[in-house]
Amino acid sequence: MSYSAVFDAIVLASYDVGEADRFLILLTREKGRLAARAPGARRLKSRLCPLLPLTHLAVELKESRGGFLVCGITPHHHHNPRVQHLQDFFVRMQASELLLALLSDGEPVPEIFEALSALLHHPHCAEQDTLAFTLRVLALLGVLPEITHRLFAPLSPEERSFVLASMRGTPVNEKISCTRLRSLCTQLVQEHCTRPLRSTDVAAACM
């Protein structure tokens, strides 16, 4: 028997399917990552039109034997600030691709949801924000080594402080050099992903 429930959700990815539907990968606070189909979402007058990547919404889902169907949405306008700069867009896309690569369906991690929500709401994102988010996610998933690990040996005291603050989800306001941290994060992510993240290369080529 099918039932419906409302979830706090962020759209990680959206794919066109059928004549007018969208297939969505959502990150929800309550159930973690899950897939859902939005019937008729590509029609111009559909109430489901706002279901686009990196939007934060309250999504009503109906669960049946065939999976989840979207039957209603309420956009959180205050959580969806307009992206003003290209770098902001790339930071958000890198965060989305990272979660698509690392998260499994049906394993809720509310702290990761909060971290992504905070990143989407950040007025001006920079590479430093991407690195902090990556370290936070890896720490929450339990795959980030302790700061005493040899991987962190080449880092300066300031860079180590950045890593520790990022692991705890503490905002870091001081500007730091991203070169070594970028290399470190790339290495750590590649150890847990089956393929390189494309958005990172695209961002580097365009910035």
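Worth a mention:
- Count - residues of the range 14-30 that are in a loop (DSSP other than H, G, I, E, B), surrounded by 16 or more Cβ atoms within 10 Å (Cβ to Cβ) and without any contact (Cβ under 8 Å) to a residue 24 or more places away in the chain: 0
- You will find that of VAL137, VAL189, the residue that is in contact (Cβ under 8 Å) with a residue 40 or more places away in the chain and within 23 Å of LEU54 (Cβ to Cβ) is VAL189 and no other.
- Unique residue being crowded, with 21+ Cβ neighbours inside 10 Å and either outside any helix (DSSP H, G or I) or among the basic types (Lys, Arg) (or both) when the list is VAL143, VAL137, VAL59: VAL59
- Residues in the range 174-192 that are surrounded by 12 or more Cβ atoms within 10 Å (Cβ to Cβ) and either part of a helix (DSSP H, G or I) or modelled with pLDDT of 95 or more (or both): ARG180, LEU181, ARG182, LEU184, CYS185, THR186, LEU188, VAL189, GLN190.
- Where LEU57 falls short, out of the listed (1) among the hydrophobic types (A, V, I, L, M, F, W, C); (2) within 12 Å of the chain's Cα centre (by Cα); (3) within 20 Å of HIS121 (Cα to Cα): (2)
- Within the range 154-173, being more than 18 Å from ALA118 (Cβ to Cβ) and either in a loop (DSSP other than H, G, I, E, B) or hydroxyl-bearing (Ser, Thr, Tyr) (or both) holds for PRO154, LEU155, SER156, SER161.
- Residue in the range 89-102 that is assigned to a helix (DSSP H, G or I), crowded, with 16+ Cβ neighbours inside 10 Å, charged (D, E, K, R) and free of Cβ contacts under 8 Å to residues at least 60 places away in the same chain present: yes
- Lone qualifier among LEU48, LEU86, LEU26, LEU69 - being over 22 Å from LEU135 (Cβ atoms), under 14 Å from the mean Cα position of the chain (by Cα) and not charged (D, E, K, R): LEU26
Residue-wise test of (1) outside the structural domain of GLY169 (by TED's automatic domain parsing); (2) in contact with a Pro (Cβ under 6 Å, 6 or more places away or on another chain); (3) over 20 Å from VAL189 (Cβ atoms); (4) at pLDDT below 95.
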{"site": "HIS56", "(1), (2), (3), (4)": "yes, no, yes, yes"}
{"site": "LYS62", "(1), (2), (3), (4)": "yes, no, yes, yes"}
{"site": "GLY66", "(1), (2), (3), (4)": "yes, no, yes, yes"}
{"site": "PRO75", "(1), (2), (3), (4)": "yes, yes, yes, yes"}
{"site": "ARG92", "(1), (2), (3), (4)": "no, no, no, yes"}
{"site": "GLU107", "(1), (2), (3), (4)": "no, no, no, yes"}
{"site": "PHE113", "(1), (2), (3), (4)": "no, no, no, no"}
{"site": "HIS124", "(1), (2), (3), (4)": "no, no, yes, yes"}
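- Any hit, the range 31-49, residues being at pLDDT below 95, closer than 16 Å to LEU120 by Cβ and part of a loop (DSSP other than H, G, I, E, B): no
- Of VAL6, VAL11, all but one fail to be within 22 Å of PHE89 (Cα to Cα), of a type in the set (A, V, I, L, M, F, W, C) and not in a loop (DSSP other than H, G, I, E, B); the exception is VAL11.
The values are calculated or read from the model by the stated rules, or taken from the named source; none is laboratory data. This is a predicted model, so every value here is computed, not measured. All Cβ positions, glycine included, derive from the backbone under ideal geometry; neighbour counts span all protein chains shown.
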